[in-house]
Amino acid sequence: MKVCLLYGDREQANREPYYDTGSIIRDLGLEVLFRAAAQRLTYENGELKQVEEPDLYVREMFRTVMMTPLTTAEEIAFRQEIVMECLRLPDLMQKLYRISTVVLAKWNELGRGVRGRIRQGNPVMQLTTEIRVLRLFVDALAKIRTLPELQGELFSQGLRAFRDGLEREFSAEFEAEVRKLLADIAFYTEEFDPRAAEEQGTVVRPRIVFECGLEDGLKFSSPKLLSVSSEQVKYIRPGSTRAKLKKFTDAVTKDGFSTVEDARFQVQAQQLQYSVVKYLMKRQRKWMEGFQTFFDRLREQSAFYLGAVLLKAHADRVGIQCCFPKVCDRRDLSFADLKELVMGLSQRVNVVGNTCELRGKDVLIVTGANQGGKSTFLRSIGVAQLLMQCGLPVAARSYRSGIFPRIFVHFTRREDSAMNSGRLDEELRRMNGIVEHIGDGSLVLFFFNDTATTEKEGSVIMYDIVRALSEAGVRILTVTHLLSFAKRVYEEAKEAPDSPCEFLSAERLQDGTRTFRMIRGEPELTSFGLDLYDAIVGK
């Protein structure tokens, strides 16, 4: 039985995660999203009552899935459908995650071995454990199959396939058969408790009926099993008057004998019980093996969708509107009221959004006033692209973009003791690692300023890098304070009607107010640093 909720035709990704996921997570601040996706919000009478501690497993699975991109529009649409269904039925994934987590924990307590097999050991104990695992599977699968959310109408292809597959592999009729078997062989796992037997007055005993021949030495020949069952019989305390009477009756009965007084008979009876139960359980082994990895995969995949539901709940909490993005040509990018989700969640505010439309453009250069929201704007696109490429909604009223299986983030970092050389050398070394892994369908988010070198030298370096990447068909979104570089590219773009470059600038009002919105415009030869100086001095 396969789960296949992340990918319609397989259980796991068939490609590697993004290159240098550590840099992507660090530069875009994605740990905020991972934490939110693992924190459940509890409401009471419409008021937030509690924010639970993060579930570390959910956080890790959400991170793993988000950092492994989907590569086709069909894959994205498949996962988006399931996310929409989960948002409509917010308790479904919580229940699936809880059931699978409990099953795996109990299975481990029972001695789960490698690849889900029962650990080798005493054959009797191994068989007993196998029966208990079977009961554990049956109870869990019955809970899943009868979940109210799965009983109703489902519109997502993935969840319908999951429900239909479970119904096919574990129908109500099949469950009834297995439960009857478990009831019939209950004697084998029933632990005898004299005190409980005294109180209840009954005890479970096997009733095994078979046909066979009887040879010398009471050896069976050609046995044929007819029926097996567990019966509740009256408990007779050893040494009691009733026990003595039964012993006498058994002794004078011609068509029966007691195994109590003869140890050899007791051993043979136990061997017979073991052989019969082992034979019956062998018929269930193939079915059980089909579910050996089911609960692992269900826990992994339900954890991701649970994270999706919780992340949307956190966005709703701060009033950030979300939408499901559309896939379009790689040279196009358009969005309305796109917000930086990480900032919104970390500061718990509904941040300013931006609207933009690029058609047939491979290079976007953003300049403008310091503290005008340029880096935030760049990060908002990066976060949205990653969310889109794992099938999740983005923080915007609308979002359309192509698919980029290779996403690279290069933000200038502060110099620290971990650096083995100068800052410029470190930045160029990181850039070299990106270039070595760039290929078809690459997107680079680039923030390179003049703090690592002079403005003139940095502009030359930046121009050469952007030009080379653009000619290689790489989409580049860059924020820069290297105004000589921006001006040079702008002048060249004016001379070429089919230029692949677009220019935005952080809006600044006449009084120096930053609106944190990006507008189309020619790069200015200043970042208005004096505004900040005046603001500080004015205080």
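The values are calculated or read from the model by the stated rules, or taken from the named source; none is laboratory data. No experiment lies behind these values; they were computed from the predicted model shown. Glycine gets a Cβ as well: all are built from the backbone with ideal geometry, and neighbour counts include every protein chain shown.
Within the stretch 455-539, which strands (runs of 3 or more DSSP E) (wholly inside it) include 2 or more residues that are at pLDDT below 90?
501-508, 514-520
Of everything in the stretch 85-106, what is without any contact (Cβ under 8 Å) to a residue 60 or more places away in the chain and over 19 Å from Gln151 (Cβ atoms)? Give them in sequence order.
Passing the criteria: Val102, Ala105, Lys106.
Filtering the stretch 107-129 down to residues that are of a type in the set (A, V, I, L, M) and either closer than 20 Å to Arg145 by Cβ or buried (at least 17 other Cβ atoms within 10 Å of the Cβ) (or both), which residue is modelled with the lowest pLDDT?
Ile118
Within the stretch 38-94, which residues are in contact with a His (Cβ under 8 Å, 6 or more places away or on another chain) and in a loop (DSSP other than H, G, I, E, B)?
Gln39
Give the residues of the stretch 347-395 that are polar (S, T, N, Q) and within 14 Å of Ser334 (Cα to Cα), sorted by residue number.
Asn354, Thr355, Ser380, Gln385
Output the residues belonging to the stretch 286-314 that are surrounded by 23 or more Cβ atoms within 10 Å (Cβ to Cβ), among the small types (Gly, Ala, Ser) and out of contact with any Phe, Trp or Tyr (no Cβ under 6 Å at 6 or more places or on another chain).
Once the filter is applied, which keeps residues that are surrounded by 23 or more Cβ atoms within 10 Å (Cβ to Cβ), among the small types (Gly, Ala, Ser) and out of contact with any Phe, Trp or Tyr (no Cβ under 6 Å at 6 or more places or on another chain), the stretch 286-314 yields only Ala308.
If you check Glu31 against the conditions, is it surrounded by fewer than 18 Cβ atoms within 10 Å (Cβ to Cβ), charged (D, E, K, R) and without any contact (Cβ under 8 Å) to a residue 12 or more places away in the chain?
yes
Of the residues that sit in the stretch 436-459 and are surrounded by fewer than 16 Cβ atoms within 10 Å (Cβ to Cβ) and out of contact with any Phe, Trp or Tyr (no Cβ under 6 Å at 6 or more places or on another chain), which one is nearest to Asp498 (Cα to Cα)?
Asp440
Evaluate the stretch 488-498: report whether one residue or more is of a type in the set (A, V, I, L, M, F, W, C), free of Cβ contacts under 8 Å to residues at least 40 places away in the same chain and buried (at least 21 other Cβ atoms within 10 Å of the Cβ).
No.
Testing Ser375 on (1) more than 26 Å from Gly473 (Cα to Cα); (2) touching a strand residue (DSSP E or B) at 6+ places or on another chain (Cβ under 6 Å), one condition comes back false. Which one is that?
(1)
Could you list all residues from the stretch 349-398 that are part of a strand (DSSP E or B) and either closer than 14 Å to Ser505 by Cβ or out of contact with any helix residue (DSSP H, G or I) (no Cβ under 7 Å at 6 or more places or on another chain) (or both)?
Listed by number, the residues that qualify are Asn354, Thr355, Cys356, Glu357, Leu358, Leu364, Ile365, Val366, Thr367, Gly368, Ser398.
Out of the residues in the stretch 28-60 that are among the hydrophobic types (A, V, I, L, M, F, W, C) and over 25 Å from Ser100 (Cα atoms), state the one that is modelled with the lowest pLDDT.
Across the stretch 28-60, the extreme among qualifying residues is Leu48.
Do we find that Leu127 is touching a Cys at 6+ places or on another chain (Cβ under 8 Å) and farther than 30 Å from Gly402 by Cβ in this structure?
no
How about the stretch 158-183: which of its residues are in contact with a helix residue (DSSP H, G or I) (Cβ under 6 Å, 6 or more places away or on another chain) and under 22 Å from Pro90 (Cα atoms)?
Selection gives Gly158, Leu159, Arg163, Leu166.
What's the number of the only condition in (1) surrounded by fewer than 16 Cβ atoms within 10 Å (Cβ to Cβ); (2) small (Gly, Ala, Ser); (3) in a helix (DSSP H, G or I) that Gly319 fails to meet?
Exception for Gly319: condition (3).
Out of the residues in the stretch 1-28 that are in a helix (DSSP H, G or I) and not polar (S, T, N, Q), state the one that is surrounded by the most Cβ atoms within 10 Å (Cβ to Cβ).
Leu28
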